[in-house]
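Reading through the structure tokens given below for one structure.
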Amino acid sequence: MKKEARTIMANSAPVLLALVALFAVFPASGYPEDTSSTISFGILFADRDPIAGSATCYNGKTCELVKDIGPIHSLNITDFSKSPDRGSQLKIECASDCSFGNQQFSTEIGRERKFHFFNGSDTYTAKLLVIRIRDPIGQILLNY
């Protein structure tokens, strides 16, 4: 099953090129002192067609990127900032249980612009020392 997911993601190369072209059409705007910025994003699903879009986000506020599309119930950036040192977080909620590579519902953005998300999550306070193979749902690409 893991090999099949990789094949699906590998077959998405033309779609990835299309998303890169979309990012060229919707460039990130503004300067650090601006109060708002336009974020372009793409979501490549492992088992369905990709989506792309853009949203206007305001510094220090929560910015909603996606609402009720495919398995994603909501996708937000909390405490938005263009500065990679300010602690913005990407937060996901799915119809069924899902999480990022860190097995949590949110992850620090920092300088990253590509985030994989998977079925399942880890709600334990203490981390168990086991390897869990989780099925990939897709990946999120950000541009700002």
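The values are calculated or read from the model by the stated rules, or taken from the named source; none is laboratory data. For clarity, every value in this text was computed on a predicted model and none was experimentally measured. Don't worry about glycine lacking a Cβ; one is built from the backbone with ideal geometry, like all the others, and counts go over all protein chains shown. Quick note on the areas: whole protein, heavy atoms, side chains included, nothing else; ligands and nucleic acids left out. Shrake-Rupley method; radii C 1.70, N 1.55, O 1.52, S 1.80 Å.
For the reader, a short list of remarks on this structure follows.
- You will find that of F100, F45, F80, the residue that is over 26 Å from I133 (Cβ atoms) and among the aromatic types (F, W, Y) is F80 and no other.
- Residues of the stretch 88-102 classified as open to solvent by 60 Å² or more (accessible area, probe 1.4 Å) and under 14 Å from F115 (Cβ atoms), total: 2
- In this entry, S106 is excluded by the filter for residues that are over 22 Å from R134 (Cα atoms) and under 14 Å from the mean Cα position of the chain (by Cα).
- Residues within the stretch 78-87 that are in contact (Cβ under 8 Å) with a residue 40 or more places away in the chain, open to solvent by 20 Å² or more (accessible area, probe 1.4 Å) and not small (G, A, S), tallied: 1
For every residue, the table says whether it meets (1) crowded, with 16+ Cβ neighbours inside 10 Å; (2) of a type outside the set (S, T, N, Q); (3) at pLDDT 85 or above; (4) in contact with a Lys or Arg (Cβ under 9 Å, 6 or more places away or on another chain).
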| site | (1), (2), (3), (4) |
| --- | --- |
| P14 | no, yes, no, no |
| A18 | no, yes, no, no |
| S37 | yes, no, yes, yes |
| A55 | yes, yes, yes, no |
| E64 | no, yes, yes, no |
| N76 | yes, no, yes, yes |
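- Given (1) surrounded by fewer than 14 Cβ atoms within 10 Å (Cβ to Cβ); (2) at pLDDT below 95, index of the condition K114 fails: (2)
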